[in-house]
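Just so you know, all these numbers are worked out from the coordinates, no wet-lab data involved. Source: prediction; values computed, not measured. So basically every Cβ, Gly included, is an ideal-geometry build from the backbone, and we count neighbours across all protein chains shown.
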Amino acid sequence: MADKFTCTECNLLNCQTRDKEFPKKCLTTAAGNDAVLRASVDQYHDDPLVAKIMQAAAQVEGQYYGQLTRVEEIIVFAKKIGAKKIGVASCAGLIRENRIFAGILRANNLQAFGVLCKVGGQDKCGVGIAERDKIKPGHYEAMCNPIMQAKLCNQEKTDLNVISGLCVGHDSLFIKHSDAPVTYLIVKDRVLAHNPVGALNTGHSYYQRLLDGVRLNEADKRMSPNNDSANITD
C-alpha cells in the first residue's frame, strides 16, 4: 500500500507562503481536516496555557529572530510565560554543561531544579533490562530514570521543564509524565557531538548510507519491520 501524501513529500509549501495552489492531496485541504484546523485554532484561543505558550513563542521568534542562542531563547520564553522555577532534566554525560546552564538560569533570576538521569541509583536489571543489553554486561550499570526525573520536577512544581541530553525514548517518557510544559536544550547524539541535524545536512554525501537502511546488529536484523514493541522479547 502506498504511503499517504504528507508534508515531507510536498515541494510547494504553500501553507507557508500562500502564493500558489495547494497540492490535490495536501493535508491543509484534505477532506475532514478542516474540522481539525478549526479545533486547533480554537484551542489556541480557548486554553489559557496553550494561548500563553503560543503568544510567547511567537514573540521570541518575532522579536529576537536570529539574534539569540537556544539558551537565551529558553530564558526569554520562560520569562514571557511567567515561569519562575525551571526543571533541568540532565543527562549524566552532560552534567558539566547543565551546571553551567543552571548557573545561567540563576544569573537571570530564574530558579533551577536539576535532576540527573541516573537519579535513584538503580541497576538496569531491576526494571527487566537484560544483562546482555548493558553497555558492559556483568557490572552494575545505573538505569536512566526519566519517570522519576519528571515526578521530582512535578513534586517541586516546576513551571517549565527543559530536557538536556536525555536518551532517545527516555525523553519520551519524561515528556509523558511531566506536569509542566517541556522544551529542549540539548538533543543527544553520541556520534555527532549532540548535533543530530549533521547527519541530515550531509545526507547527500557522508551520511547517504542511511538511505540504504540503518546498520543493525544481528539481533535487531531479525526483527520484522511490522513488529511492535509487544512482540520484542528477550
Share of Cα-Cα pairs in region 69-188 beyond 23 Å, in percent? 29 percent
³J(HN,Hα) across region 211-216 via Karplus (A = 6.51, B = -1.76, C = 1.60, θ = phi - 60°), whole Hz, x for Gly/Pro? 5, 8, x, 5, 6, 9
Sequence neighbours fewer than 8 away in the same chain don't count; with that in mind, list the lysines whose C-alpha is under 16 Å from LYS52. LYS79, LYS80, LYS84
Tell me, what HN-Hα J-couplings in whole Hz come from the Karplus equation 6.51 cos²θ - 1.76 cosθ + 1.60 at θ = phi - 60° for each residue of region 158-171, using x for Gly and Pro? 5, 8, 8, 10, 10, 7, 9, x, 5, 5, 4, x, 5, 4
Would you kindly enumerate the cysteines in the chain that have no other Cys beta-carbon under 4.7 Å from their beta-carbon? CYS7, CYS10, CYS15, CYS26, CYS91, CYS125, CYS153, CYS167
Cα-Cα pairs above 30 Å in the chain: how many percent? 44 percent
Amide proton proximity set for LEU166, modelled H, under 5 Å, gap of 5+: CYS91, LYS188
Sum up the charges of everything whose Cβ sits under 9 Å from the Cβ of PHE113, counting Lys and Arg as +1 and Asp and Glu as -1, but leave PHE113 out. 0
Treating cross-link reach as a plain straight distance, find the lysines whose alpha-carbon is under 24 Å from the alpha-carbon of LYS124, omitting any fewer than eight places away in the same chain. LYS134, LYS136, LYS151, LYS176, LYS188, LYS221
I'd like the GluC sites (Glu not before Pro) in region 1-85 restricted to DSSP loop residues with at most 15 other Cβ atoms within 10 Å, sorted by number. GLU21
In the chain, if the dipole is taken from +1 on Lys/Arg beta carbons and -1 on Asp/Glu beta carbons about the Cα centre, which of ILE147, ALA92, CYS15 is farthest to the positive end? ALA92
